[in-house]
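Taking it in order: structure first as structure tokens, then the write-up.
The values are calculated or read from the model by the stated rules, or taken from the named source; none is laboratory data. On a predicted model such as this, the values are computed, not experimentally measured, just so you know. Because the Cβ atoms are built from the backbone with ideal geometry, glycine has one as well, and the counts that use them run over all protein chains shown.
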RNA sequence: ACUUUGCGUC
């Protein structure tokens, strides 16, 4: 099963759900019983190609085959629905999952991000309050989701304040947090601040990655400051 | 190294 699962997951990640399904058939023929991981990979595979209908069908199907979905199964589906902009369905699935399992930090992180990206700001804030009350803000991911939401709302200064806030609360920003801010600063044409952020991350021991540099280069060019990109080398 | 959440280009 493990070998088949690895294969199915790999195909799903490449967007080859169709081929993953033929592997599933092969498993059945060889008398190899798919487990929850097999189904979770398939749900994710359908979500990745935007086929949320099929993703939901896999969930139904696993139940029919006596395989009870777990938190991950629902998290994967909720993430897919959010990415497909089916925010309401994602909220509905949350209700549904609570019947049989307990949503975890990933569930809430996913939904928070989906609500912000889906411009459902009011609901996002309600969820945000609940997450704060339940101590979910002890992790870098929810903070980074907020940083991104602030940047996209052109509240870069608030995002900078939040960065200080998380550090004070003992949550160390990671490369994604910094990249999010650098992107926001570049889009706001604040290249000096973007360079300052790059310096700050390295000073704090966070290594820039390829996305950091792509963001800087692309940002500086669109800000009509291509000459400054030399400073990156 | 069997499955899920946050970042850039496309």
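Taking residue A:213 as the residue in question, decide whether it is within 21 Å of the chain's Cα centre (by Cα), modelled with pLDDT of 95 or more, near RNA strand B (Cβ under 9 Å from one of its atoms) and closer than 24 Å to residue A:114 by Cβ. If you could, list the steps in order and put the result at the bottom.
Details: within 21 Å of the chain's Cα centre (by Cα): yes; modelled with pLDDT of 95 or more: yes; near RNA strand B (Cβ under 9 Å from one of its atoms): yes; closer than 24 Å to residue A:114 by Cβ: no.
Taking the combined requirement at face value, the residue does not satisfy it.
For region A:10-20: of the residues being under 21 Å from the mean Cα position of the chain (by Cα) and surrounded by 18 or more Cβ atoms within 10 Å (Cβ to Cβ), which is nearest to RNA strand B (Cβ to nearest atom)?
A:12
All but one of (1) in a helix (DSSP H, G or I); (2) near RNA strand B (Cβ under 9 Å from one of its atoms) hold for residue A:166, so report the exception by its number.
Going through the list (1) in a helix (DSSP H, G or I); (2) near RNA strand B (Cβ under 9 Å from one of its atoms), residue A:166 breaks only (2).
Just to verify a result, which residue in region A:71-94, among those that are within 14 Å of RNA strand B (Cβ to nearest atom) and in a loop (DSSP other than H, G, I, E, B), is surrounded by the most Cβ atoms within 10 Å (Cβ to Cβ)?
By that ranking, first place goes to A:84.
Filter region A:95-123 for residues that are surrounded by fewer than 19 Cβ atoms within 10 Å (Cβ to Cβ) and not in a loop (DSSP other than H, G, I, E, B); which is farthest from RNA strand B (Cβ to nearest atom)?
Taking region A:95-123 first, the residues surrounded by fewer than 19 Cβ atoms within 10 Å (Cβ to Cβ) are A:95-96, A:98-106, A:117-123.
Pick out the ones that are also not in a loop (DSSP other than H, G, I, E, B) and you get A:95-96, A:105-106, A:117, A:121-123.
Values: A:95: 17, A:96: 16, A:105: 6, A:106: 4, A:117: 7, A:121: 16, A:122: 20, A:123: 16 Å.
Filtering first and then ranking leaves A:122.
Does region A:21-46 hold any residues that are part of a helix (DSSP H, G or I), within 11 Å of RNA strand B (Cβ to nearest atom), surrounded by 17 or more Cβ atoms within 10 Å (Cβ to Cβ) and over 19 Å from the mean Cα position of the chain (by Cα), and which are they?
Those that are part of a helix (DSSP H, G or I), within 11 Å of RNA strand B (Cβ to nearest atom), surrounded by 17 or more Cβ atoms within 10 Å (Cβ to Cβ) and over 19 Å from the mean Cα position of the chain (by Cα): A:37, A:38, A:39.
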